[in-house]
Amino acid sequence: MKQDASRNAAYTVDCEDYVHVVEFNPFETGDSGNLIAYGGNNYVVIGTCTFQEEEADVEGIQYKTLRTFHHGVRVDGIAWSPETRLDSLPPIIKFCTSAADLKIRLFTSDLQDKNEYKVLEGHSDFINGLVFDPKGGQGIASVSDDHTCRIWTLEGVQTSHFVLHSPGMSVCWHPEETYKLMVAEKNGTIRFYDLMVQQAILSLESEQVPLMSAHWCLKNTFKVGAVAGNDWLIWDITRSRWSTISENLFATTGYPGKMASQFQIHHLGHPQPILVGSVPVGSGLSWHRTLPLCVIGGDHKLLFWVTEV
């Protein structure tokens, strides 16, 4: 674990295999360490990392692996449950994954003897996004190339099924009003659904296509950002990934799988990116819960960037 200026990353962590997806836990866990999960070809690793920006006695980054879960198939997506707690006895680790076999797996562990997973089946094509209900963690939403958005219970029962007009690329749950869901489609349409009445209540349209991802700004849910074509688009509903600590910070990457991918951090107050990095075969992008710091997965590495708010 070291600083790696040659790649513009502030810190790196070496991994056993190529990292397809990486996610900071966005929820408070009752512990000072930051939970992080990353997935490879047939495993998921859960670890903690602490940075010198938050702990004076840490030099650079302090990383520790808590548990490696055998997955059996390539991991395409990871979502954390708000039920995850490190200060409970025993601790609770709960997350779900999407995989190349078109299935969702729900993992539950106490980091000791209990290591269980449940399979949720129903999608007929690749799953592009999944997320937990951020309040109680009792529901999971997913979107897929099969032109559907589905809501699941933790037992695997589908409670809602929305037919889309094109592949679903991203899904976000409103952080406070958990009956509201945002779904972004590849054809450039972003719809907001009311789960109580089971229908769309608002839509946004992008003239640029294909739309590859979209994200709700959780610090200001009147703002929505999306990557479509070669552009980053921003809507202000009153008139991507957003940083979890600032409504003005967001980060973008180029397409994964190429030999080099450009990584940029933007601030709405500046016309040009405030940080530009080169990411060898980068994939996955996740913001730290409380710091202006984000992580990308790569070839046998996690790469961390730090910027100013």
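The values are calculated or read from the model by the stated rules, or taken from the named source; none is laboratory data. Computed from a prediction, not measured in an experiment: that's the story for all the values here. Glycine gets a Cβ as well: all are built from the backbone with ideal geometry, and neighbour counts include every protein chain shown. Each accessible area value is taken on the protein alone, full model and side chains, heavy atoms only, with ligands, DNA and RNA left out. Shrake-Rupley method; radii C 1.70, N 1.55, O 1.52, S 1.80 Å.
Within the range 171-203, can you find the residues that are within 14 Å of TRP235 (Cβ to Cβ) and within 22 Å of the chain's Cα centre (by Cα)? Before the answer, list the steps.
Here is the first cut: in the range 171-203, the ones within 14 Å of TRP235 (Cβ to Cβ) are 172, 182, 184, 188-192, 202-203.
Matches in the range 171-203: CYS172, MET182, ALA184, GLY188, THR189, ILE190, ARG191, PHE192.
Which condition does LEU89 not pass, out of (1) in a loop (DSSP other than H, G, I, E, B); (2) of a type outside the set (Gly, Ala, Ser); (3) more than 28 Å from ALA184 (Cα to Cα); (4) touching a Leu at 6+ places or on another chain (Cβ under 8 Å), if it passes all the others?
(4)
Can you work out which of the residues in the range 204-228 that are more than 16 Å from the chain's Cα centre (by Cα) and assigned to a strand (DSSP E or B) is surrounded by the fewest Cβ atoms within 10 Å (Cβ to Cβ)?
Filtering first and then ranking leaves GLU205.
Name the residues in the range 93-106 that are surrounded by fewer than 20 Cβ atoms within 10 Å (Cβ to Cβ) and touching an Asp or Glu at 6+ places or on another chain (Cβ under 7 Å), would you? Lay out the reasoning, then the answer.
Here is the first cut: in the range 93-106, the residues surrounded by fewer than 20 Cβ atoms within 10 Å (Cβ to Cβ) are 94, 100-103.
Once the filter is applied, which keeps residues that are surrounded by fewer than 20 Cβ atoms within 10 Å (Cβ to Cβ) and touching an Asp or Glu at 6+ places or on another chain (Cβ under 7 Å), the range 93-106 yields LYS94, ALA100, LEU102, LYS103.
Out of the range 283-302, which residues are farther than 27 Å from GLY30 by Cβ and among the small types (Gly, Ala, Ser)?
Selection gives SER283, GLY298.
Just to verify a result, which residue in the range 54-64, among those that are surrounded by 13 or more Cβ atoms within 10 Å (Cβ to Cβ) and of a type outside the set (Phe, Trp, Tyr), is farthest from ASP110 (Cα to Cα)? Outline the logic, then answer.
Step one: of the range 54-64, the residues surrounded by 13 or more Cβ atoms within 10 Å (Cβ to Cβ) are 54, 58, 60-63.
Going one step further and asking which of them are of a type outside the set (Phe, Trp, Tyr), we end up with 54, 58, 60-62.
Numbers: GLU54: 26, VAL58: 27, GLY60: 29, ILE61: 25, GLN62: 22 Å.
Among residues in the range 54-64 that are surrounded by 13 or more Cβ atoms within 10 Å (Cβ to Cβ) and of a type outside the set (Phe, Trp, Tyr), the one farthest from ASP110 (Cα to Cα) is GLY60.
What's the total number of residues in the range 68-80 that are out of contact with any Asp or Glu (no Cβ under 8 Å at 6 or more places or on another chain) and open to solvent by less than 60 Å² (accessible area, probe 1.4 Å)?
So the answer is 6.
Are there any strands (runs of 3 or more DSSP E) wholly within the range 1-71 with 3 or more residues that are under 26 Å from SER88 (Cα atoms), and if so which?
On the way: elements: 2-4, 9-14, 21-24, 34-39, 43-51, 61-70.
Here the list reads 21-24, 34-39, 43-51, 61-70.
Hey, among the residues in the range 160-185 that are outside any loop (DSSP other than H, G, I, E, B) and charged (D, E, K, R), which one's farthest from SER144 (Cα to Cα)?
Initial filter on the range 160-185 (outside any loop (DSSP other than H, G, I, E, B)): 160-163, 168-173, 180-185.
From what's left, charged (D, E, K, R): 180, 185.
Values: LYS180: 19, GLU185: 9 Å.
Of everything passing the filter in the range 160-185, LYS180 is farthest from SER144 (Cα to Cα).
Out of everything in the range 111-132 that is outside any strand (DSSP E or B) and at pLDDT 95 or above, what residue ends up being nearest to LEU89 (Cα to Cα)?
Step one: filter the range 111-132 for residues outside any strand (DSSP E or B), giving 111-114, 121-126.
Still in the running and at pLDDT 95 or above: 121-126.
Numbers: GLU121: 32, GLY122: 34, HIS123: 36, SER124: 39, ASP125: 39, PHE126: 37 Å.
Out of the qualifying residues, it is GLU121.
Answer yes if at least one residue in the range 40-52 is within 23 Å of PHE132 (Cβ to Cβ) and either of a type in the set (Lys, Arg) or touching an Asp or Glu at 6+ places or on another chain (Cβ under 6 Å) (or both), and no otherwise.
Yes, the range 40-52 contains at least one residue that is within 23 Å of PHE132 (Cβ to Cβ) and either of a type in the set (Lys, Arg) or touching an Asp or Glu at 6+ places or on another chain (Cβ under 6 Å) (or both).
Going through the range 148-159 one residue at a time, which ones are open to solvent by less than 30 Å² (accessible area, probe 1.4 Å) and outside any strand (DSSP E or B)? First the steps, then the outcome.
Of all residues in the range 148-159, those open to solvent by less than 30 Å² (accessible area, probe 1.4 Å) come to 148-152, 154, 156.
Across the range 148-159, the qualifying residues are LEU154, GLY156.
Could you tell me which numbered condition HIS174 fails, if it satisfies all but one of (1) surrounded by 19 or more Cβ atoms within 10 Å (Cβ to Cβ); (2) in contact with a Ser or Thr (Cβ under 9 Å, 6 or more places away or on another chain)?
The single condition HIS174 does not satisfy is (1).
Do you know which residues across the range 37-48 are modelled with pLDDT of 95 or more and open to solvent by less than 20 Å² (accessible area, probe 1.4 Å)?
ALA37, TYR38, GLY39, VAL44, VAL45, ILE46, GLY47 - these are the residues of the range 37-48 that are modelled with pLDDT of 95 or more and open to solvent by less than 20 Å² (accessible area, probe 1.4 Å).
Could you list, ordered by first residue, the pairs with Cβ atoms under 6 Å in which the first is in the range 158-186 and in the same structural domain as ASN220 (by the TED database) and farther than 13 Å from GLY139 by Cα and the second is among the hydrophobic types (A, V, I, L, M, F, W, C) and part of a loop (DSSP other than H, G, I, E, B), at least 6 apart or interchain?
PRO175/LEU218; GLU185/LEU164
Check whether at least one residue in the range 137-147 is assigned to a strand (DSSP E or B) and open to solvent by 20 Å² or more (accessible area, probe 1.4 Å), and report yes or no.
If we filter the range 137-147 for residues that are assigned to a strand (DSSP E or B), which is where we start, we get 139-144.
Filter once more, so that each one left must be open to solvent by 20 Å² or more (accessible area, probe 1.4 Å): none.
No, there is no match, as no residue in the range 137-147 is assigned to a strand (DSSP E or B) and open to solvent by 20 Å² or more (accessible area, probe 1.4 Å).
Kindly check whether there is at least one residue in the range 242-255 that is in a loop (DSSP other than H, G, I, E, B), under 27 Å from ILE151 (Cα atoms) and modelled with pLDDT under 70. Give the steps one after another, and end with the answer.
Applying the first criterion (in a loop (DSSP other than H, G, I, E, B)) to the range 242-255 yields 243-248, 254-255.
Next, from what is left, pick out any that are under 27 Å from ILE151 (Cα atoms): 243-244.
From the residues that got through so far, the ones that are modelled with pLDDT under 70 too are 243-244.
Taking every residue of the range 242-255 in turn, at least one turns out to be in a loop (DSSP other than H, G, I, E, B), under 27 Å from ILE151 (Cα atoms) and modelled with pLDDT under 70.
Out of curiosity, is GLY129 under 24 Å from TYR38 (Cβ atoms) and not assigned by the TED database to the domain that holds VAL22? Lay out the reasoning, then the answer.
On the way: under 24 Å from TYR38 (Cβ atoms): yes; not assigned by the TED database to the domain that holds VAL22: yes.
In short, yes.
For LYS301, indicate whether it is open to solvent by 50 Å² or more (accessible area, probe 1.4 Å), at pLDDT 70 or above and either among the polar types (S, T, N, Q) or touching an Asp or Glu at 6+ places or on another chain (Cβ under 9 Å) (or both).
On the way: open to solvent by 50 Å² or more (accessible area, probe 1.4 Å): no; at pLDDT 70 or above: yes; either among the polar types (S, T, N, Q) or touching an Asp or Glu at 6+ places or on another chain (Cβ under 9 Å) (or both): yes.
No.
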